[in-house]
Structures are given as C-alpha cells and as structure tokens.
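The values are calculated or read from the model by the stated rules, or taken from the named source; none is laboratory data. Computed from a predicted structure; not experimentally measured. Don't worry about glycine lacking a Cβ; one is built from the backbone with ideal geometry, like all the others, and counts go over all protein chains shown.
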Amino acid sequence: MKKKIKNSILELIEGDITDMETDAIVNAANANLILGGGVAGAIARKGGPKIQEECNKIGGTFVGGAVITTGGNLKAKYVIHAVGPRMGEGNEDEKLRNATLNSLKLADKYNLKSIAFPAISTGIFGFPIKRAAKIMLDTTITYLKEKTNLEKVVFCLFGKDSFDIFKKQLEKEQ
Ligand code: AR6
C-alpha cells in the first residue's frame with residue numbers, strides 16, 4: 001500500500017526489514033545499543049559484527065533517541081538505531097513519537113532519500129501495535145508534510161497481522 005504525502009511516498013510492506021534496499025533501515029534498539037533479539041538480532045546476523053562494533057563506539061543513547069551506523073553487509077547503506085520505550089516505564093507514547101521523529105531527522109541530516117521502519121517497541125518491548133501504528137504514522141505524515149528531502153518512507157511489517165493493523169490506520173489518516 002502506498003500513499004503520497006506532499007512530495008514523498010509513504011509505503012507499507014509486509015516482510016523482513018533486513019531485505020530492504022532503502023538507504024537506511026531502522027533498528028528497534030535499546031539504550032545500550034546492544035543488538036539482542038527480534039529486528040536487532042536479524043540485523044546483527046545479516047549485517048555482520050561491524051554494526052555492533054560501531055554501536056559499541058557510540059556507547060548508547062536516550063530512550064526516544066536515534067543514532068546511525070553503517071549497514072555492514074546489508075543492502076541498506078546505513079542502520080539507524082532508534083530506541084523505543086519498554087511498556088510500563090512511563091511516557092511511552094511520547095518516547096515512541098520521539099524515536100520515530102529523531103530517526104527521520106537523522107535520515108535527512110545524512111541526506112538519505114529512503115528509510116524503512118519496523119514497528120518499534122511492539123515485540124520484546126511489549127508496546128501495543130495498534131497504538132504504535134497510530135503514533136508512528138501520525139509522526140511520519142506530519143514530518144513529510146514539512147520540509148524534507150526524503151523521497152520514500154517504508155514501514156516494513158513482520159507478518160500479515162501487523163501489516164493489516166498499519167494498513168487500517170493508514171487508511172484513516174488524512
Ligand atoms: N523485520 C521486520 N520486523 C520484524 C523483524 C524483521 N526481521 N523481526 C521482528 N520484527 P522487536 P522491540 C517485528 O522485538 O519491541 C531486542 O533485543 C516484531 O514482530 O525487534 O523494540 C533489542 O536489542 C515487532 O512487531 O523490538 C532491544 O533490546 C517489531 O518488529 C529490544 O529487542 C519490533 O520487535 C527491542 O524491542
């Protein structure tokens with residue numbers, strides 16, 4: 001599913017984010033930038049050890065923050081490590097909004113044309129996916145309506161259930 005937002009395309013895809021050929025893919029990271037399971041595990045396996053090494057040099061960031069490394073052996077040139085909230089820690093919606101926004105800003109700072117997001121925080125971190133879909137899509141649409149050089153933002157959803165939730169939400173968005 002694709003939607004034009006001002007000069008950019010917002011696209012939903014069902015698949016594995018490590019297969020994406022966008023300039024950057026977003027990792028659902030933790031504040032210590034230790035690549036664990038889920039998306040991070042898949043990135044570490046396919047991208048090789050260089051990504052974790054670069055993360056170790058950066059050392060960490062705040063919840064809601066985002067940092068960038070190269071993509072190692074991935075097709076994507078960069079990985080943007082976005083730290084979403086763990087459900088129950090407080091102020092989760094705002095933190096998820098910031099993780100999304102800071103990833104988009106970082107992509108623009110590096111003059112990237114395309115970026116692919118997973119549904120941040122909705123796996124191991126336990127954030128309800130319907131709520132995440134609304135926050136991440138609202139944030140992205142508002143961002144794309146302002147000044148950006150991003151041509152394409154993809155949400156790469158794992159499995160049909162996740163895809164359908166994002167699709168339903170995007171159909172509601174103006
Ligand atoms: N491609 C796209 N989406 C995926 C993939 C994939 N290959 N694998 C899982 N998902 P998660 P979190 C979906 O757990 O909740 C790690 O240990 C998954 O179904 O990756 O933010 C990190 O190191 C879910 O909807 O991220 C952190 O410590 C979504 O991606 C912690 O987990 C996010 O699930 C982060 O937890």
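Within segment 21-43, being part of a strand (DSSP E or B) and near the ligand (Cβ under 9 Å from one of its atoms) holds for Ile25, Asn27, Ala28, Ala29. When Leu150, Leu157 are checked against the criterion of being of a type in the set (A, V, I, L, M), in contact (Cβ under 8 Å) with a residue 24 or more places away in the chain and more than 16 Å from the ligand (Cβ to nearest atom), a single residue qualifies: Leu150.
Name the pairs: first residue in segment 38-57 and under 22 Å from Gly159 (Cα atoms), second residue within 12 Å of the ligand (Cβ to nearest atom) and of a type in the set (Ser, Thr, Tyr), Cβ to Cβ under 7 Å, at least 6 apart or on different chains? Close Cβ pairs (under 7 Å, with a partner that is within 12 Å of the ligand (Cβ to nearest atom) and of a type in the set (Ser, Thr, Tyr)) amount to Ala42/Thr18; Ile43/Thr18; Lys46/Thr18. Can you tell me which residue among Lys130, Lys113 is at pLDDT 95 or above, farther than 21 Å from Val67 by Cα and not aliphatic (A, V, I, L, M)? Among Lys130, Lys113, only Lys130 is at pLDDT 95 or above, farther than 21 Å from Val67 by Cα and not aliphatic (A, V, I, L, M).
For segment 1-20, a residue qualifies if it is away from the ligand (no atom under 14 Å from the Cβ) and assigned to a loop (DSSP other than H, G, I, E, B), and the qualifying residues are Met1, Lys6, Asn7.
Give me a count of the residues in segment 130-147 that are more than 22 Å from Asp19 (Cα to Cα) and touching a residue at least 24 places away in the same chain (Cβ under 8 Å). Number of matching residues: 11. When Ser121 is tested against the conditions (1) within 16 Å of the ligand (Cβ to nearest atom); (2) under 18 Å from Glu11 (Cβ atoms); (3) crowded, with 19+ Cβ neighbours inside 10 Å; (4) touching a residue at least 60 places away in the same chain (Cβ under 8 Å), the lone failure is (2).
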